[in-house]
Structure formats: C-alpha cells, structure tokens
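Asker: Have a look at this one before I ask anything.
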Amino acid sequence: MAKRRNNWDAKKLDRWIKEGRGQGEGENYKSWLTIQDFPSMGRATRVFGWTTNRIHHFFSDCQLKYFYLLDWDERVIDIREHYALLDLETVLIDTSDLRLDKFIDKKSKEPYILTTTFLITLVDNNGEKNFAARSIKYASELNKKSTIEKLEIERRYWKVRGIEWGIVTNKDINSVRAKNIEWVHSAMNSNTYNGISQEEFMGYLDGLLYRIHDSKGSVKNIISGFEKDYSLDVGAGLLLFKHLIADKRIILNMDKSININQIDSKSIYIPKVSGGGNDVRLYG
C-alpha cells in the first residue's frame with residue numbers, strides 16, 4: 001500500500017481530530033499515527049493487542065519489542081501508542097526556552113502535533129490505577145540535537161501532568177523476552193485451530209497440560225506423542241503449547257530463549273493442574 005504524502009496543514013489536523021485520532025481508551029483508542037501515514041524506521045508493523053483488543057501501529061522493531069513486554073505484563077490494562085500531546089501549549093504555560101518553532105511544517109507553517117510513543121495504564125496490588133509515559137528511541141538517536149529537544153518538551157509536559165515519564169532505548173529492552181512473547185503472540189492472533197473446532201481445541205489444551213505434568217522428557221517429544229495419540233496434524237501440538245503459555249497455564253522462564261528441543265517437563269511451572277488444587281512446581 002502506498003504511503004500517504006508527508007504534508008501537514010490545518011485541514012489535515014482538523015480531519016485527524018474529527019477521525020478521533022489520539023483519543024479514547026482501551027479498545028476505542030485511535031493511534032495518532034498509523035503505518036499508512038509515514039515511512040518507518042526499520043519495520044512498520046500492525047499487531048493485534050491482547051490487552052486492548054485492537055490493532056496497534058509501530059514504526060520500528062524497538063517500539064514493537066517494547067509493546068510485547070507491555071502486552072505480557074499483567075499489571076498493564078491499557079496501552080496507547082503514539083499518544084498525541086494535543087494540549088501541549090495549554091499544559092506548558094511557559095515555552096519561551098523551548099524550540100517549538102523547529103517542529104513546524106515549513107510549507108504550511110502549521111505546528112506538528114508531538115507524540116509520546118506509549119501512554120500506559122497500570123493497576124497496582126490495591127487496584128489503584130497509575131499512568132506511565134515512555135518514549136522509545138534507538139540509542140543512536142540520542143546523539144541528535146533535535147531528538148533531545150523533542151524529548152525535553154515531552155519530559156516537561158508529563159511532569160506538569162504529574163505522570164512519570166522515561167526514555168527507553170534498544171539497549172534497555174530484553175530482546176530475548178520480547179522474542180519469546182512474539183513467538184507466543186503469533187499463535188494467539190490466529191483465528192484458526194489447525195482444522196480443530198474451538199470446543200475440541202479447548203479440550204486438547206487440558207489434555208496436553210496433563211500430559212506435560214505427567215510426562216518426562218523434552219517438550220518436543222511430549223508434543224509429538226500427543227499429536228500421534230490423538231491423530232492431530234503435525235503442528236497442532238505446538239500451537240496448543242503456545243496457547244498454554246499465553247494463557248499462563250504453564251510458566252516458562254521467558255528471559256531464556258524457548259527451544260522445545262531443550263525444554264523438558266522439569267523446567268515448567270504449572271500453577272494449577274486440577275480445580276482447587278495446590279500449585280504444582282515441576283522442579284528443575
């Protein structure tokens with residue numbers, strides 16, 4: 001799909017606001033920027049979010065990886081990407097020492113709407129909502145004066161709003177954890193069950209869970225045996241395994257690369273394998 005022209009004027013601003021961009025929460029939030037709007041740095045991606053039940057837009061692998069970490073975190077209840085600072089000049093009363101003039105379209109003279117990569121809503125142990133804002137940058141970008149100037153504007157904006165703000169670079173992101181989550185994420189975003197009805201699929205999930213609990217050896221061999229015993233297509237067992245991880249019915253060390261050839265049942269923690277039973281830890 002062709003990218004839209006990177007022009008900016010008052011009409012476009014008005015249209016985007018009327019479209020609801022940068023507004024709403026949860027499933028109803030609309031990102032201020034979409035991958036159709038501008039060329040990306042790296043890989044432009046659209047991903048369906050578990051937390052929000054909607055499509056998210058990202059312009060770099062760095063943004064995508066951080067999103068996976070957020071979408072996996074049970075404390076996070078909303079993720080708003082490319083959050084527009086629409087009320088910037090209202091919030092920041094004194095902007096005399098800020099170079100806002102650098103963020104203006106040269107042709108139309110219309111100020112750009114600055115954004116923060118993520119506005120995150122979290123819930124603490126007491127059920128209280130908290131907010132955090134994060135700007136995602138590659139470490140190399142922090143050498144650019146224009147980047148630092150924009151980040152300073154963001155920092156002051158969020159300080160006035162009383163919301164904790166921070167910068168996250170590619171060096172701060174646990175890439176192994178993000179890659180593992182992405183591996184699981186791909187299965188959960190599929191609407192297919194390898195030719196199995198949804199009802200049967202749910203039953204097989206229980207069956208594989210008990211098989212892992214009662215078996216020894218590598219996960220690969222357990223999955224292969226399960227597929228044979230139930231006459232499932234090759235690959236169905238792996239899909240079931242990913243679903244068990246995504247549903248957190250089995251717990252793996254997500255900070256270590258997942259390799260089903262090397263993971264055995266002893267290294268998996270199963271919170272509950274029967275109704276009302278105690279948590280079961282498989283040692284290892």
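Asker: Among the residues of region 262-273, what is the count of those that are assigned to a loop (DSSP other than H, G, I, E, B) and either open to solvent by less than 60 Å² (accessible area, probe 1.4 Å) or at pLDDT 90 or above (or both)?
Answerer: Final tally of qualifying residues: 4.
Asker: If I filter region 62-70 for residues that are within 14 Å of ILE136 (Cβ to Cβ), open to solvent by 50 Å² or more (accessible area, probe 1.4 Å) and not in a loop (DSSP other than H, G, I, E, B), do I get at least one hit? Spell out how you get there, then give the answer.
Answerer: Residues of region 62-70 that are within 14 Å of ILE136 (Cβ to Cβ), as a first pass: 62-70.
Next cut, open to solvent by 50 Å² or more (accessible area, probe 1.4 Å) only: 65.
From what is left, the residues that are not in a loop (DSSP other than H, G, I, E, B) are 65.
Checking region 62-70: at least one residue is within 14 Å of ILE136 (Cβ to Cβ), open to solvent by 50 Å² or more (accessible area, probe 1.4 Å) and not in a loop (DSSP other than H, G, I, E, B).
Asker: Which residue pairs have Cβ atoms closer than 7 Å, lie 6 or more positions apart in sequence or on different chains, and pair a first residue in region 175-187 that is modelled with pLDDT of 95 or more with a second residue that is assigned to a helix (DSSP H, G or I) and open to solvent by 50 Å² or more (accessible area, probe 1.4 Å)?
Answerer: Between residues of region 175-187 that are modelled with pLDDT of 95 or more and residues that are assigned to a helix (DSSP H, G or I) and open to solvent by 50 Å² or more (accessible area, probe 1.4 Å), the close pairs are SER175/LYS65; ALA178/LYS65.
Asker: Still on this structure: From THR115, THR95, THR51, which residue is under 20 Å from LEU151 (Cβ atoms) and crowded, with 20+ Cβ neighbours inside 10 Å?
Answerer: It is THR115.
Asker: Name the one entry in THR34, THR52 that is at pLDDT 95 or above and either out of contact with any Ser or Thr (no Cβ under 9 Å at 6 or more places or on another chain) or part of a helix (DSSP H, G or I) (or both).
Answerer: Details: THR34 fails: at pLDDT 95 or above.
Result: THR52 is the single residue among THR34, THR52 that is at pLDDT 95 or above and either out of contact with any Ser or Thr (no Cβ under 9 Å at 6 or more places or on another chain) or part of a helix (DSSP H, G or I) (or both).
Asker: I need the full set of residues from region 201-259 which are in a helix (DSSP H, G or I) and among the basic types (Lys, Arg), in order please.
Answerer: Across region 201-259, the qualifying residues are ARG211, LYS220, LYS228, LYS242.
Asker: Now a separate question. Taking region 226-249 only, how many residues are of a type in the set (Lys, Arg) and open to solvent by 70 Å² or more (accessible area, probe 1.4 Å)?
Answerer: 2
Asker: Also, quick follow-up: Which number in (1) assigned to a helix (DSSP H, G or I); (2) open to solvent by less than 60 Å² (accessible area, probe 1.4 Å) marks the one condition that ILE79 misses?
Answerer: Condition not satisfied by ILE79: (1).
Asker: Are any residues in region 212-222 farther than 14 Å from ILE245 by Cα and buried (at least 19 other Cβ atoms within 10 Å of the Cβ), and if so, which ones?
Answerer: Answer for region 212-222, where residues must be farther than 14 Å from ILE245 by Cα and buried (at least 19 other Cβ atoms within 10 Å of the Cβ): just ILE222.
Asker: Let me ask you something else. Exactly one condition in (1) over 30 Å from ARG99 (Cα atoms); (2) surrounded by 17 or more Cβ atoms within 10 Å (Cβ to Cβ) is false for SER135; which is it?
Answerer: All conditions pass for SER135, except number (1).
Asker: Search region 188-200 for residues being without any contact (Cβ under 8 Å) to a residue 60 or more places away in the chain and assigned to a helix (DSSP H, G or I), and hand back the single one that is most open to solvent (accessible area, probe 1.4 Å).
Answerer: Selected residue: GLU199.
Asker: Residue by residue through region 21-48, note down the ones that are small (Gly, Ala, Ser) and either touching a residue at least 12 places away in the same chain (Cβ under 8 Å) or open to solvent by 70 Å² or more (accessible area, probe 1.4 Å) (or both).
Answerer: GLY22, GLY26, SER31, SER40, GLY42, ALA44
The values are calculated or read from the model by the stated rules, or taken from the named source; none is laboratory data. Owing to the predicted nature of the structure, the values given are computational and were not obtained by experimental measurement. Methodologically, a virtual Cβ is constructed for each residue, glycine included, from the backbone with ideal geometry; neighbour enumeration extends over all protein chains shown. Accessible surface is based on the protein model in full, side chains and every heavy atom, while ligands, DNA and RNA are left aside. Shrake-Rupley method; radii C 1.70, N 1.55, O 1.52, S 1.80 Å.
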